Amino acid sequence: MHHTPSRRSVLESLSIPALNPMQEKAEKSILDHRSVVLLSPTGTGKTLAFLLPIFQLLNADKKQVQAVVITPSRELALQIEAVWKKMNTGFKVNACYGGHSMQVETKNLSVPPALLIGTPGRIADHLRRETVDLRKVQFLVLDEFDKSLAMGFEADMSDILEQLPGLQKRVLVSATREVEIPEFVGIKPAHVLDFIPSGHSIPALKMKMVRSLQKDKLDALLRLLSITGNENCMVFCNHRDAVERIGRHLEEHGIPAGIYHGKLEQDERELALIKFRNGSTRTLVTTDLGSRGLDIPEMKHVIHYQLPPKEEDYIHRNGRTARMHAEGTSYLVLQEEERIPAYIQHPPDLIDLPEEIVIPEAPEWITLYIGAGKKNKVNKMDVVGLLMQKGSLKPGDVGIVEVKDFSAFAAVKRTLVKTLLPKLRDEKIKGKKYKVAVAK
């Protein structure tokens, strides 16, 4: 078996002088054992801990999928793919996830990647359509397994595992100890590596409650947003029409707010998340669809505009804040006569709402839409180049840039957008003119 680059050159590509102790132990265990359970907090470098041994186990002569990494969210799939690409292994990788064009993925898979990364639903979908053959897969990683279970992917994962008859190694990765491993994973007995510090699971979540004097809680919400100010905030409702109504109300009061629910087109949902991620909106109004698996940053505040009927949904909503070492606050908004649900054992502290409504300043960023993406051979650097060279922006004037298949979105300083757009009107990217406008 010939290896393309050496392990050392892979680490050099990542510009990592040495692995941390967890990564060293994990690499050795995964190479030595058939089943490994790796428990380690978020942000400790688990991705490299399993990708490095996988790279050493791949065979360059085999032209089929050899390793599969299953992950709960699109964000994580893309993150793992990015680390693999940076490793310069010479082995092909593809990522599959919901919301990505099925046609594009199927075309990518027609030349099988050595490593396939994807969300359970999308990989199961490819198997059903027979667009990928996983019978020769030898290595499986279930990343953030606790989250995949919590998000209800058990059936899809069990379907996928049934179609992996050639498995030789299973690696299960989780950020919490409290993970029940179902039979279908086939991982008992496993070699367990536990790097979770004791007492790690005490979240820094503060609970508060506000009372709305009117039956309609919109006024109370505006007063509450006067307190949370310019910090990231998610407002949860039980119904789509409430999401729409609140979103409109906030916009009318000069608070840019994204809305997110299942009846929106995929593009509309995607844009709401892009603006929320890049800071063009700081408030996202959503149904419980927004409490799981979303690719968005840490929240400072979660507001339960309507309380969910089930405790499980309440827990998932709160899980959007106070993750890792960060602190966060969860607010219940209740009308005068509204009762606290039985699943909340200890009533939170009641806080007073301010007399005056203070509308937070507009976010410093605004999102630009560019009508070209990866399939037009346009990348991040092209977009940044256009904005800085042709639009004469400085590095600090450009925020997060995201490039999709046929479009790109860039956060730019709100104060500069008026003068910027005319400068870009007739400019080209890679020799072609594309539409550039404020994303609506």
Give me the number: length gained by fully extending Arg339 to Ala155, i.e. 0.36 nm times residue separation minus the C-alpha to C-alpha distance, one decimal in nm.
-> 62.6 nm
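Going by C-beta contacts inside 10 Å, put Phe406, Phe139, Phe195 in order with the fewest on the left.
On the way: Phe406 14, Phe139 22, Phe195 18.
Exposure proxy ranking, most exposed first: Phe406, Phe195, Phe139.
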Sorting Lys418, Lys275 on the 10 Å Cβ count, fewest up front, what's the list?
-> Lys418, Lys275
What is segment 7-194's relative contact order, in percent, from Cα pairs under 8 angstrom and six or more apart in sequence?
-> 31
Would you mind calculating the relative contact order of the chain from Cα pairs under 8 angstrom and at least 6 residues apart, reporting the percent as a whole number?
-> 14
Amide H neighbours of Ser212 at under 5 Å, excluding residues fewer than 5 places away on the same chain, with H built from the backbone geometry, are Leu334, Gln335, Glu336
If the chain between Gln389 and Glu75 were fully extended at 0.36 nm per residue, the gain over the current Cα-Cα distance would be 110.0 nm
Taking alpha-carbon centroids only, segment 181-198 lies from segment 140-158 a number of Å equal to 14
Per the 1/(1 + (r/R0)^6) rule, R0 = 45 Å and r from the Cβ atoms of Thr42 and Lys433, FRET efficiency to 0.05 is 0.60
Any chance you could tell me what percent of the C-alpha pair distances in segment 236-294 go past 13 Å?
-> 57
Assigned charges on the beta-carbon of Lys, Arg, Asp, Glu; the chain dipole about Cα centre (debye) = 2060
Among bridges DSSP assigns within the chain, what percent are antiparallel (round to 5)?
-> 20
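When a footprinting reagent is the concern and you count Cβ atoms within 10 Å, what order do Val412, Val179, Val358 take, fewest first? Walk me through the numbers before you get to the answer.
Working: Val412 24, Val179 18, Val358 12.
With the sparsest Cβ surroundings first, the list reads Val358, Val179, Val412.
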In whole Hz, what ³J(HN,Hα) sequence does segment 386-399 give by Karplus (6.51, -1.76, 1.60; θ = phi - 60°), x for Gly and Pro?
-> 4, 5, 8, 6, 7, x, 6, 7, 8, x, x, 8, 10, x
Could you give the nm distance between label points at Val83 and Glu251, where each point is 7 Å from its Cα heading toward the beta carbon?
-> 3.9
Among Asn108, Gly43, Ala124, which residue has its Cα positioned farthest towards the positive end of the charge dipole of segment 7-194, with +1 placed on the Cβ of Lys and Arg, -1 on the Cβ of Asp and Glu, and the dipole taken about the Cα centre?
-> Asn108
Please name which of Ile255, Gly90, His33 has its Cα lying farthest along the dipole of the chain towards the positive end, using unit charges on Cβ (Lys, Arg +1; Asp, Glu -1) and the Cα centre as origin.
-> Gly90
If R0 = 51 Å, then Glu355 and Asp61, at their Cβ-Cβ distance, give a FRET efficiency to the nearest 0.05 of 0.10
How far apart, in nm, are two points set 7 Å out from the Cα along the Cα-to-Cβ line at Ile196 and at Val111?
-> 4.2
Under the Karplus relation 6.51 cos²θ - 1.76 cosθ + 1.60, θ = phi - 60°, what is the ordered set of whole-Hz ³J(HN,Hα) values for segment 224-232, x standing for Gly and Pro?
-> 5, 5, 5, 7, 6, x, 8, 9, 3
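Given only helices, namely DSSP H runs of n ≥ 4 each adding -39500 (n - 2.57), what is the per-residue ellipticity at 222 nm of the chain, to the nearest 500 deg cm²/dmol?
Helices in the chain give a 222 nm mean residue ellipticity of -9000 deg cm²/dmol.
By the scheme Lys and Arg +1, Asp and Glu -1, what is the net charge of all other residues having a beta-carbon under 15 Å from that of Asp288? Intermediate values should be presented prior to the final figure.
On the way: positive: Arg240, Lys263, Arg269, Arg292, Lys310, Arg317, Arg320; negative: Asp241, Glu311, Glu312, Asp313.
Once positives and negatives cancel, what remains is +3.
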Amide H partners (placed H, <5 Å) of Val235, local residues excluded = Leu284, Val285, Thr286, Ile303
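Express in nm, to one decimal, how much length is gained between Thr4 and Leu289 on full extension, taking 0.36 nm for each residue of separation and deducting their alpha carbon distance.
Numbers: separation 285, 0.36 × 285 = 102.60 nm, distance 4.31 nm.
Extra length available between Thr4 and Leu289 comes to 98.3 nm.
Read the figures in this text as sums done on the coordinates, not as results from a lab. This one's a predicted model, so the numbers in the text were calculated from it and none came from an experiment. FYI the Cβ positions are ideal-geometry reconstructions off the backbone, even for glycines, and counts take in every protein chain you see.
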